[in-house]
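Enquirer: Sharing a structure here in structure tokens format.
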Amino acid sequence: MQKWVYTFGGGSAEGSAADRDLLGGKGANLAEMCNLGLPVPPGLTIVTTACSHFYDSGRVIPDALKDEVRAGIRRMERLTGRQFGRDSRPLLLSVRSGARASMPGMMDTVLNLGLTDETVQALGHDAGDARFAWDSYRRFIQMYGDVVMGLDHEVFEEILEDEKARLGHEQDTELSAVEWQHVVARYKETIEEELGEPFPQDPEVQLWGAIGAVFSSWMNARAVTYRHLHNIPAEWGTAVNVQAMVFGNLGNSSATGVAFTRNPSTGAKELYGEFLVNAQGEDVVAGIRTPQNLTEAARLAAGSDRPSLEKLMPDAFEAFQAICDRLESHYRDMQDLEFTIERGTLWMLQARSGKRTAKAALKIAVDMAGEGLISEGEAVSRIDPASLDQLLHPTIDPRARRDVIGSGLPASPGAATGEIVFTSEQAVHAQEEGRKVILVRIETSPEDIHGMHAAEGILTTRGGMTSHAAVVARGMGKPCVSGAGMLRVDLRNELLITQGVTLGKGDVITIDGSSGQVLKGAIPMLQPELSGDFGLIMAWADKTRRMKVRTNAETPADARAARSFGAEGIGLCRTEHMFFEGGRINVMREMILAEDEAGRRTALAKLLPMQRSDFVELFEIMHGLPVTIRLLDPPLHEFLPKTDEEIAEVALALAIDESVLRRRVETLHEFNPMLGHRGCRLAISYPEIAEMQARAIFEAACEAARLTGAAVEPEIMVPLVGLKSELDYVKARIEAVAKDVIAEAGVGIAYLVGTMIELPRAALRAHVIAESAEFFSFGTNDLTQTTFGISRDDAASFLSTYIQKGIVEQDPFVQIDFDGVGELIRIAAERGRRTRNNLKLGICGEHGGDPASIHFCEETGLDYVSCSPFRVPIARLAAAQAAYRNGG
Ligand code: PEP
Ligand code: MG
């Protein structure tokens, strides 16, 4: 039989921390704290599957669930000696959401449930504090009216402000019982007027209303967006926690607060948090009153003259500190805690693993390993690889001239340059076109999340360090300057008006999220330097991992950056990128436009020294580490001019007739260039291109070996192979060139020839292809494209719809489609190695820098992953975590 409800409290619980999937994070940890004998107000958790059931059944709450909840409430009544809704000692409830994965602030909460015109009197009498009772009642009506009945909370705020003004009060705390009673009356009248129904006076009705509202909030727009961003499946559902209320607002011996067991910004081992005397938890969150420090040390550091909890309520503080230590060593992780002190008695309301910056995560992991709380391998596994992005962003070169046009708050570290856009739609559109933008807004809201994702950085003219823009950008690890009030955004005319300068959409600015400065134009950046805890974690990661990590790079700058991030070679050098630079593109065009082989060879002879010197530099930087160089891959028309002006320009430069050029461009046009004349097909049509590239590689290898003294063993990679015969044809040409160069140079050259696996046929025929290929590199960008039959260039227009509609969970161009593309990789790896047991296997598609895909690569037994330079540390860490998980 389905069990819908798990109870907790009174020193035990039906569930535990292990039941997170079923009870949600909050419910599971409340149960765990009860099992540890900690003071937790009794309650019950409605399981997450009830939420799914709620949606599947047309938003109906099953009778069996209702019965179990009622039984749970009877248990709470026994444990508290109170009664829900009827007694002289009324039991009040909190009703809160709690999903498997923490979704802070995304769903709804109702507090003080069970108050009615009758029970409010009883509560006042029982507490000996009528003012408290009426204040609680108005809080309840306000929350319930908003969350369950759907009346905007501002309606209530207005009434309250109006009453305070009428009475001449500044603070809520100045209102008397009678005055609160009056506010309550106005709230209820307004509800009835606005909604045509009275505020419910039956606590049972209130309860089901609140539970239904929490379930419904799982599907609110905020929650949907958050899930989307954090890959939380909709079918998980939220649990509902119904718990006996305890009150931090029962006078000056009561308080409520939040705490982290270590500093979540720096990771320092110190109790970090704040509290409010005579307040309810929501008051801390709302930030209306300024909270006080927990410890004396923090109070002194902040220079506050308001007493710390340590001083004010020493007994409760001591008890709390002991619980912090206990929970930290129990969970072996930094905890984020909520507590309430009711008339001197401490109650724990929540424990969860605390969110932290990347810097803090590193320090905490290193410290905890040092304290013997966790092993080095566990320390490595504690760091979210993607969070390293926060530490890896470029900063503005201090020597650069700064054209400062304004400043705001340094809301999220790192610097970014881009064109100004004023809406999220513009940001997304620009990103799709491959342009980098800074999203400039007055302030952001959750609707802007997609725009913030698409932007390089965010600039707002309003909002503080905890504004939406600041909090969200920090989470994303994106640079953000917020509250730059000296700048003005004119949305209608799409202008950013600054001191003396007016900029428009498309103008380039740089923001420095570390200093808060806004600068005109693009500014030189410095690569971040990483040390200390980062270095230690990386060293532990390197000890743990099995797979090597290489980089995809073709420029010396990228190759150097990658080396500094710990790349162990180049996994993909896309040689075509080298032909777009400076004087090369026209020589390349000359080659493409040549009428015959002789003409091509003439142009190729000019390209040879350029390619050779590029390779020498790469080999030098890599100093003996493996370098995989791929032969020319893209369709040739990519190098040709497109617009009339470009055609005219190129014709002039190459001294050919415009009409001849246009005809040649037209001849090279293809309907499906990605499936057309590209990859090894080019080398088969024009072997002289492959020969030139092979010669450049071999000559550069000899030269670099001579310069560095380190032997170079180039790996020459043939793209888009589907048939062994294709590879054999190209390989024969490479071998012939090798022979010539060896003879000319009089030295031996060791090299490998391998292929990319980018076509399903290549994967399926891997055992045959491996007879000729000495290595495989999985080109998962193309392999995803060719397996799905989805154009990687056109996917953006419909893949987001696919994801939104749940047709696919992940973008397969970001994370390997384990079932389909993954199956082909497994097949190719297994069949390839069957033929050649020392076949080197790597991946060089974008997936090589994606942590989940890296786990897949580890499981599939690949030798290395290759990714863009900035993702190298992420890949090192993810590879270590994958090995740790496999081995441990
Ligand atoms: C690939 O297809 O995965 C790959 C690395 O090659 P490119 O992205 O250059 O097509
Ligand atoms: Mg490819």
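Enquirer: Out of curiosity, is GLU638 part of a helix (DSSP H, G or I), under 39 Å from the mean Cα position of the chain (by Cα) and within 16 Å of ligand 2 (Cβ to nearest atom)?
Expert: On the way: part of a helix (DSSP H, G or I): yes; under 39 Å from the mean Cα position of the chain (by Cα): yes; within 16 Å of ligand 2 (Cβ to nearest atom): yes.
Taking the combined requirement at face value, the residue satisfies it.
Enquirer: Scan the range 876-886 and give yes if some residue there is in contact (Cβ under 8 Å) with a residue 60 or more places away in the chain and either within 16 Å of ligand 1 (Cβ to nearest atom) or not in a helix (DSSP H, G or I) (or both), otherwise no.
Expert: No, the range 876-886 contains no residue that is in contact (Cβ under 8 Å) with a residue 60 or more places away in the chain and either within 16 Å of ligand 1 (Cβ to nearest atom) or not in a helix (DSSP H, G or I) (or both).
Enquirer: Within the range 812-821, does at least one residue satisfy the condition of being buried (at least 17 other Cβ atoms within 10 Å of the Cβ) and more than 16 Å from ligand 1 (Cβ to nearest atom)? Show your work before the answer.
Expert: First, the residues of the range 812-821 that are buried (at least 17 other Cβ atoms within 10 Å of the Cβ): 812-813, 815-818, 821.
Now restrict to residues that are more than 16 Å from ligand 1 (Cβ to nearest atom): 818.
Yes: one or more hits.
Enquirer: Within the range 354-391, count every residue that is touching a residue at least 40 places away in the same chain (Cβ under 8 Å) and either of a type in the set (Ser, Thr, Tyr) or in contact with a His (Cβ under 9 Å, 6 or more places away or on another chain) (or both).
Expert: Counting residues in the range 354-391 that are touching a residue at least 40 places away in the same chain (Cβ under 8 Å) and either of a type in the set (Ser, Thr, Tyr) or in contact with a His (Cβ under 9 Å, 6 or more places away or on another chain) (or both) gives 3.
Enquirer: Within the range 758-814, how many residues turn out to be within 15 Å of ligand 2 (Cβ to nearest atom), of a type in the set (Ser, Thr, Tyr) and assigned to a helix (DSSP H, G or I)?
Expert: So the answer is 4.
Enquirer: If ARG70 meets every condition in (1) in contact with a strand residue (DSSP E or B) (Cβ under 8 Å, 6 or more places away or on another chain); (2) among the charged types (D, E, K, R); (3) farther than 22 Å from ALA351 by Cα apart from one, which number is that one?
Expert: (1)
Enquirer: In addition: Filter the range 709-725 for residues that are within 16 Å of ligand 1 (Cβ to nearest atom) and not in a loop (DSSP other than H, G, I, E, B); which is nearest to ALA694 (Cα to Cα)? So that I can check it myself, show each step before the final result.
Expert: Step one: list which residues in the range 709-725 are within 16 Å of ligand 1 (Cβ to nearest atom), which gives 715-722.
Within this subset, residues satisfying the condition of being not in a loop (DSSP other than H, G, I, E, B) are 715-718.
Details: GLU715: 10, ILE716: 8, MET717: 10, VAL718: 11 Å.
The residue in question is ILE716.
Enquirer: Test of understanding: among LEU276, LEU250, which residue is assigned to a loop (DSSP other than H, G, I, E, B), in contact with an Asp or Glu (Cβ under 8 Å, 6 or more places away or on another chain) and farther than 30 Å from ILE807 by Cβ?
Expert: One residue alone meets the criteria, LEU250.
Enquirer: In addition: Please enumerate the residues belonging to the range 601-620 that are within 39 Å of the chain's Cα centre (by Cα) and either modelled with pLDDT under 95 or surrounded by 21 or more Cβ atoms within 10 Å (Cβ to Cβ) (or both).
Expert: Step one: of the range 601-620, the residues within 39 Å of the chain's Cα centre (by Cα) are 611, 614-620.
The answer is GLN611, ASP614, PHE615, VAL616, LEU618, PHE619.
Enquirer: Taking the condition of being within 23 Å of GLU858 (Cβ to Cβ) and in a loop (DSSP other than H, G, I, E, B), how many residues in the range 508-552 meet it?
Expert: The total comes to 3.
Enquirer: Please go through the range 341-400 and give me each residue that is charged (D, E, K, R), part of a helix (DSSP H, G or I) and surrounded by fewer than 18 Cβ atoms within 10 Å (Cβ to Cβ), ordered by number. If you could, list the steps in order and put the result at the bottom.
Expert: Taking the range 341-400 first, the residues charged (D, E, K, R) are 342-343, 352, 355-356, 359, 363, 367, 371, 376, 378, 382, 384, 389, 397, 399.
Adding the requirement that they be part of a helix (DSSP H, G or I) leaves 359, 363, 367, 376, 378, 389.
Correct list: GLU378 only.
Enquirer: What do you reckon, is PRO556 at pLDDT below 95, in the same structural domain as ALA711 (by TED's automatic domain parsing) and over 29 Å from the mean Cα position of the chain (by Cα)? Walk me through how you get there before you give the answer.
Expert: Details: at pLDDT below 95: yes; in the same structural domain as ALA711 (by TED's automatic domain parsing): yes; over 29 Å from the mean Cα position of the chain (by Cα): yes.
Yes, satisfied.
Enquirer: Give the residues of the range 782-805 that are over 15 Å from GLU433 (Cα atoms), without any contact (Cβ under 8 Å) to a residue 60 or more places away in the chain and small (Gly, Ala, Ser), sorted by residue number.
Expert: GLY789, SER800 - these are the residues of the range 782-805 that are over 15 Å from GLU433 (Cα atoms), without any contact (Cβ under 8 Å) to a residue 60 or more places away in the chain and small (Gly, Ala, Ser).
Enquirer: In the range 289-306, which residues are touching a strand residue (DSSP E or B) at 6+ places or on another chain (Cβ under 7 Å), at pLDDT 90 or above and over 21 Å from LYS269 (Cα atoms)?
Expert: ARG306
Enquirer: Pick out the one residue from SER777, SER853, SER800, SER868 that is of a type in the set (Ser, Thr, Tyr), within 16 Å of ligand 1 (Cβ to nearest atom) and modelled with pLDDT under 95. First the steps, then the outcome.
Expert: Numbers: SER777 fails: modelled with pLDDT under 95; SER853 fails: modelled with pLDDT under 95; SER800 fails: within 16 Å of ligand 1 (Cβ to nearest atom).
Criteria check complete, one pass: SER868.
Enquirer: Okay, next question. Which members of the range 741-774 meet the condition of being closer than 19 Å to CYS844 by Cβ, among the polar types (S, T, N, Q) and more than 37 Å from the chain's Cα centre (by Cα)?
Expert: Selection gives nothing.
Enquirer: When the range 742-757 is examined, which residues are found to be touching a residue at least 40 places away in the same chain (Cβ under 8 Å), within 16 Å of LEU631 (Cβ to Cβ) and away from ligand 2 (no atom under 16 Å from the Cβ)?
Expert: TYR751, LEU752
Enquirer: Take the residues in the range 834-851 that are assigned to a helix (DSSP H, G or I) and buried (at least 18 other Cβ atoms within 10 Å of the Cβ), then tell me which one is farthest from ligand 2 (Cβ to nearest atom). Step through it out loud before you land on a result.
Expert: Our first condition is that a residue be assigned to a helix (DSSP H, G or I); within the range 834-851, this holds for 834-835, 846-849, 851.
Okay, now just the ones that are also buried (at least 18 other Cβ atoms within 10 Å of the Cβ), so 846-849, 851.
Working: GLU846: 10, HIS847: 12, GLY848: 12, GLY849: 15, PRO851: 22 Å.
For the range 834-851, the residue satisfying everything is PRO851.
Enquirer: Residues being of a type in the set (Gly, Ala, Ser) and within 16 Å of ligand 2 (Cβ to nearest atom): count how many of those fall in the range 706-735.
Expert: Taking the range 706-735 and keeping what is of a type in the set (Gly, Ala, Ser), we get 709-711, 722, 725, 732.
The next check asks that each one be within 16 Å of ligand 2 (Cβ to nearest atom); those that pass are 722.
Of the residues in that region, 1 qualify.
Enquirer: Just checking, does the range 151-170 include any residue being within 30 Å of ALA50 (Cβ to Cβ), surrounded by fewer than 21 Cβ atoms within 10 Å (Cβ to Cβ) and in contact (Cβ under 8 Å) with a residue 40 or more places away in the chain?
Expert: Yes, because at least one residue in the range 151-170 is within 30 Å of ALA50 (Cβ to Cβ), surrounded by fewer than 21 Cβ atoms within 10 Å (Cβ to Cβ) and in contact (Cβ under 8 Å) with a residue 40 or more places away in the chain.
Enquirer: Within the range 852-875, restricting attention to residues that are in a strand (DSSP E or B) and among the hydroxyl-bearing types (Ser, Thr, Tyr), which residue is nearest to ALA557 (Cα to Cα)? Spell out the reasoning first.
Expert: First, pick out the residues of the range 852-875 that are in a strand (DSSP E or B): 864-867.
Subset that is among the hydroxyl-bearing types (Ser, Thr, Tyr): 864, 866.
Values: TYR864: 22, SER866: 17 Å.
Among those residues, the one meeting the criterion is SER866.
The values are calculated or read from the model by the stated rules, or taken from the named source; none is laboratory data. This is a predicted model, so every value here is computed, not measured. Cβ: placed from backbone, ideal geometry, glycine included. Neighbour counts: every protein chain shown.
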